[in-house]
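The structure appears below as structure tokens.
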Amino acid sequence: MHTDVLVIGAGPTGLALAADLARHGVTALLVERGTELFPGSRGKGLQPRTLEVFDDLGVLDRVRALAGPYPPNLFWRDGEPQGERSVYDPTEPSEAEPYTETLMLPQWRTQQVLYGRLRELGGEVAFGRELVGLAQDEAGVTAEFATGGPVRARYLVAADGGRSTVRRLLGIGMTGETVDPAPMLVADVRVDGLGRDHWHVFPAEEGVLAICPLGGTEDFQLVAGFPEGTVVDQTLDGLREVVAARSHLTAEQVTELRWISEFRPRAALADRFRAGRVFLAGDAAHVHSPAGGQGLNTSVQDAYNLGWKLASVLAGRAGGELLDSYEEERRANAARMLALSTRVHRGEQRRGRATQQLGVGYRESALSVETRPDLPADALRAGDRAPDGRRGGTRLFDAFRGPHWTLLTVGTDAPLPALAAPVVRIPAYEVYGTGVFLVRPDGYVGWAGSTADGLAAYAGRQGLLAR
């Protein structure tokens, strides 16, 4: 079998990438070694920047219909509530940043939404395909599977998780640290007699117990910590024993165990995000502590960054050097997000503006060209996220939505080169300043100038000159 892109792993990363490739018209095959989508809640927080990505992919309304807000922590002692504390420092939405709330949706629900979108776009998941071998040459990659025939692809993307088979087959190392050597348990459970308006926290000498209602479901996510060296019982009876010992709840109030996993929080970064025609994305490239809700969100950003670049190269619009910018841009950002997750885990930083990922950008990327001299320190620059806003009857996110570049002028009638990109002209808007901006398909400013001088040369490298 032949395909343009083979994506290994149908988690949030693989599903988001496959959907993005599909809307670009790329022939892609998404394979998953399991017989179904991952069934647990593991990555449950959706950050504001991810909501913007979902807006672009056409699934935000579905996500918001299912998701709920992060409820405040309610601390308990001896069966009595001791007070509330918000999980996140709130940020008010604005015209430029319309989504500032972190939403809670269990990972399995997010995957269902992305899978539904993929199928609408004509894609599918091949389940029960376990990768066992990999070889590449100058023209492509050949993947061997435990069952079924080999697949030949021009490019392969590893989205197969923290224990990535692809990463192992390539011999790419992971550099990092154990954030906490003590084991932790995460489980999806049904609980009787516990309110769904709070994230219930039960401090205990043996380790914390936290039980959180999961938006869009009747489930709770239970997280429990244990002393280092503990052999954790992952049965329903074992879970009931922990709940009864650390809270005012009885064992019988835990009525059902739907999914469970043990882990030790760690932070690790792949030494490379690319080896020839193979790319690492998501947990295959970076493993986070769950604190701060950065893992799934950083992974979706990987997919969003890579999809349009693969599509552009495969269509012959851009040269293969465009793909070099994936590791350049994403590895540096993943390293920063890993450090942030670790600080949140250790109580050194609150969840707030930094965890929203709205400030993630690529100013240092070779793909970001800023031609305006002497900008103020707080000015929007090439490499920054392109803000939303409404001017002259145009909502910018509506104009940006889709797999295309967008040529935006703000407060100027400067003449423009003829590009294969829609042109949007809006009156002055203080968030942008005055100028000409070429916005990438992933919503970042690629080129910026006071006039369009030099834009044609940049656009030509991206295959955007009109023919």
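The values are calculated or read from the model by the stated rules, or taken from the named source; none is laboratory data. Since we're looking at a predicted model, the values are computed, not measured. Note: ideal-geometry Cβ built from the backbone for every residue, glycine included; neighbour counts use all protein chains shown. Please note that ligands, DNA and RNA were not included when accessible areas were found on the heavy atoms of the full protein model with its side chains. Shrake-Rupley method; radii C 1.70, N 1.55, O 1.52, S 1.80 Å.
Determine, yes or no, whether Arg330 is out of contact with any Asp or Glu (no Cβ under 8 Å at 6 or more places or on another chain) and outside any loop (DSSP other than H, G, I, E, B). In short, no.
With respect to Gly34, is the statement that it is touching a Gly at 6+ places or on another chain (Cβ under 8 Å), open to solvent by 10 Å² or more (accessible area, probe 1.4 Å) and of a type outside the set (A, V, I, L, M, F, W, C) true?
yes
Checked against the criterion of being among the aliphatic types (A, V, I, L, M), farther than 21 Å from Leu310 by Cα and part of a loop (DSSP other than H, G, I, E, B), segment 396-414 contains one or more residues that satisfy it.
Taken together, the residues in segment 211-246 that are touching a residue at least 24 places away in the same chain (Cβ under 8 Å), of a type in the set (Gly, Ala, Ser) and open to solvent by less than 20 Å² (accessible area, probe 1.4 Å) amount to 3. Just one residue in the set Pro72, Pro48 is surrounded by fewer than 17 Cβ atoms within 10 Å (Cβ to Cβ), touching a residue at least 24 places away in the same chain (Cβ under 8 Å) and within 28 Å of the chain's Cα centre (by Cα); that residue is Pro72. Looking across segment 140-183, the residues that are among the hydrophobic types (A, V, I, L, M, F, W, C), open to solvent by 30 Å² or more (accessible area, probe 1.4 Å) and modelled with pLDDT of 95 or more come down to Ala146, Leu169, Leu170. With respect to the conditions (1) in contact (Cβ under 8 Å) with a residue 40 or more places away in the chain; (2) more than 30 Å from Leu396 (Cα to Cα); (3) exposed (fewer than 15 other Cβ atoms within 10 Å of the Cβ), Gly122 lacks only one, and its number is (2). When you look at Ser312, is it at pLDDT 95 or above and either surrounded by 14 or more Cβ atoms within 10 Å (Cβ to Cβ) or assigned to a helix (DSSP H, G or I) (or both), yes or no? Criteria met by Ser312. Candidates Gly435, Gly454: the one that is of a type outside the set (Phe, Trp, Tyr), more than 25 Å from the chain's Cα centre (by Cα), more than 21 Å from Pro93 (Cβ to Cβ) and surrounded by fewer than 18 Cβ atoms within 10 Å (Cβ to Cβ) is Gly454.
Looking only at segment 381-391, decide whether some residue is acidic (Asp, Glu) and open to solvent by 40 Å² or more (accessible area, probe 1.4 Å). So far as segment 381-391 goes, no, none of its residues is acidic (Asp, Glu) and open to solvent by 40 Å² or more (accessible area, probe 1.4 Å). Inclusion of Asp324 among residues that are assigned to a helix (DSSP H, G or I), buried (at least 22 other Cβ atoms within 10 Å of the Cβ) and among the charged types (D, E, K, R) is not warranted.
Counted as qualifying within segment 254-301 are the strands (runs of 3 or more DSSP E) with 1 or more residues that are touching a residue at least 12 places away in the same chain (Cβ under 8 Å) and within 16 Å of the chain's Cα centre (by Cα), namely 266-270, 278-280.
On the basis of being in contact with a helix residue (DSSP H, G or I) (Cβ under 9 Å, 6 or more places away or on another chain), without any contact (Cβ under 8 Å) to a residue 40 or more places away in the chain, of a type in the set (Gly, Ala, Ser) and not in a helix (DSSP H, G or I), does Gly207 make the cut? Considered against the rule, which asks whether it is in contact with a helix residue (DSSP H, G or I) (Cβ under 9 Å, 6 or more places away or on another chain), without any contact (Cβ under 8 Å) to a residue 40 or more places away in the chain, of a type in the set (Gly, Ala, Ser) and not in a helix (DSSP H, G or I), Gly207 comes out as yes. Checking each residue in segment 138-159 for being under 22 Å from Tyr326 (Cβ atoms), within 29 Å of the chain's Cα centre (by Cα) and without any contact (Cβ under 8 Å) to a residue 40 or more places away in the chain picks out only Thr142.
Scanning segment 152-179 for residues that are of a type in the set (D, E, K, R) and part of a loop (DSSP other than H, G, I, E, B) yields Asp160, Arg163. Residues in segment 195-207 that are out of contact with any Lys or Arg (no Cβ under 8 Å at 6 or more places or on another chain) and open to solvent by 20 Å² or more (accessible area, probe 1.4 Å): Gly195, Arg196, Asp197, His198, Trp199, Glu205.
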